[in-house]
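In what follows, a structure is listed as structure tokens, so that the remarks can point back to it.
The values are calculated or read from the model by the stated rules, or taken from the named source; none is laboratory data. Note that this is a predicted model, so its numbers are computed, not measured. Here the Cβ is made from the backbone with ideal geometry for all residues, glycine too, and neighbour counts use every protein chain on show.
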Amino acid sequence: MINMKRRTFLKGSVAAGAVSAAVGAGLLTPRMVLAAWPTAAFEAGSVDSALDALAGAHQLEGSDKISIRAPDIAENGAVVPVSVTTTIAGAESISILAEKNAAPLTASFNLGPNTEGYVSTRIKMGKTSSVIAVVKAGGKLYSTGKEVKVTIGGCGG
């Protein structure tokens, strides 16, 4: 019979060694990643202040080139699946906000050049609210939204 503790220890050792090698080679730099974290935007109490802190402006222009997929009724507000797709040329970032959350900005993704405009994640929602997808492209902010009803206890009502 194989000793499972030994196997777990070996797997952990190999993983730790690989991470150490990546950090040593400069491939993985956690300090740089954390330095770019938009703390003020994620701590903002309103949609406008979150967008001001994140993008420097909060004037949104509606766009039919953005589609948002989220459930009509979320039976568990702790894990609401949301997908955003955009066909806007030169999209720089995609952000997802839940309007009535205490901190509305739930996710923000910076896109590289020639990246497909698609993100998918799970967000946390405290109550029924509009979920807003914001795409930054060419210095402008484009948006679309969808109302998501959050039920308590998964009763669907």
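Go through (1) free of Cβ contacts under 8 Å to residues at least 60 places away in the same chain; (2) assigned to a strand (DSSP E or B) and name the single condition K127 misses.
Tallying (1) free of Cβ contacts under 8 Å to residues at least 60 places away in the same chain; (2) assigned to a strand (DSSP E or B), K127 fails exactly one: (2).
Looking at this structure, is I68 among the aliphatic types (A, V, I, L, M), touching a residue at least 40 places away in the same chain (Cβ under 8 Å), outside any strand (DSSP E or B) and over 13 Å from G126 (Cα atoms)?
Working: among the aliphatic types (A, V, I, L, M): yes; touching a residue at least 40 places away in the same chain (Cβ under 8 Å): yes; outside any strand (DSSP E or B): no; over 13 Å from G126 (Cα atoms): yes.
Taking the combined requirement at face value, the residue does not satisfy it.
Of the conditions (1) more than 22 Å from F42 (Cβ to Cβ); (2) outside any loop (DSSP other than H, G, I, E, B), P113 fails just one. Which one is it?
If we test P113 against (1) more than 22 Å from F42 (Cβ to Cβ); (2) outside any loop (DSSP other than H, G, I, E, B), just (2) comes out false.
When you scan region 84-110, how many residues do you find that are out of contact with any strand residue (DSSP E or B) (no Cβ under 6 Å at 6 or more places or on another chain) and either in a strand (DSSP E or B) or farther than 15 Å from V148 by Cβ (or both)?
Of the residues in region 84-110, the ones out of contact with any strand residue (DSSP E or B) (no Cβ under 6 Å at 6 or more places or on another chain) are 87, 89, 101-103.
So of that shortlist, the ones also either in a strand (DSSP E or B) or farther than 15 Å from V148 by Cβ (or both) come out as 87, 89, 102-103.
Qualifying residue count for the region: 4.
Go through (1) touching a residue at least 40 places away in the same chain (Cβ under 8 Å); (2) buried (at least 17 other Cβ atoms within 10 Å of the Cβ); (3) of a type in the set (A, V, I, L, M) one by one and return the number of the condition A53 breaks.
Only one criterion in (1) touching a residue at least 40 places away in the same chain (Cβ under 8 Å); (2) buried (at least 17 other Cβ atoms within 10 Å of the Cβ); (3) of a type in the set (A, V, I, L, M) is unmet by A53, namely (1).
Provide a single number: the residues in region 48-80 that are of a type in the set (D, E, K, R) and under 18 Å from the mean Cα position of the chain (by Cα). Reasoning before the result, please.
So in region 48-80, the residues of a type in the set (D, E, K, R) come out as 48, 52, 61, 64-65, 69, 72, 75.
From what's left, under 18 Å from the mean Cα position of the chain (by Cα): 48, 52, 69.
The total comes to 3.
Yes or no, residue by residue, for (1) modelled with pLDDT of 75 or more; (2) among the aromatic types (F, W, Y); (3) touching an Asp or Glu at 6+ places or on another chain (Cβ under 9 Å):
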| position | (1), (2), (3) |
| --- | --- |
| M4 | no, no, no |
| F9 | no, yes, no |
| A25 | no, no, no |
| I66 | yes, no, no |
| I96 | yes, no, no |
| T106 | yes, no, no |
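Go through (1) crowded, with 21+ Cβ neighbours inside 10 Å; (2) of a type outside the set (S, T, N, Q); (3) assigned to a strand (DSSP E or B) and name the single condition R122 misses.
Just one mismatch for R122, condition (1).
Quick check on S13: is it surrounded by fewer than 14 Cβ atoms within 10 Å (Cβ to Cβ), over 20 Å from S143 (Cα atoms) and modelled with pLDDT of 70 or more?
So S13 fits the description; yes.
Is it true that D52 is acidic (D, E), part of a loop (DSSP other than H, G, I, E, B) and modelled with pLDDT of 90 or more? Walk me through it before giving the result.
Numbers: acidic (D, E): yes; part of a loop (DSSP other than H, G, I, E, B): no; modelled with pLDDT of 90 or more: yes.
The answer is no for D52.
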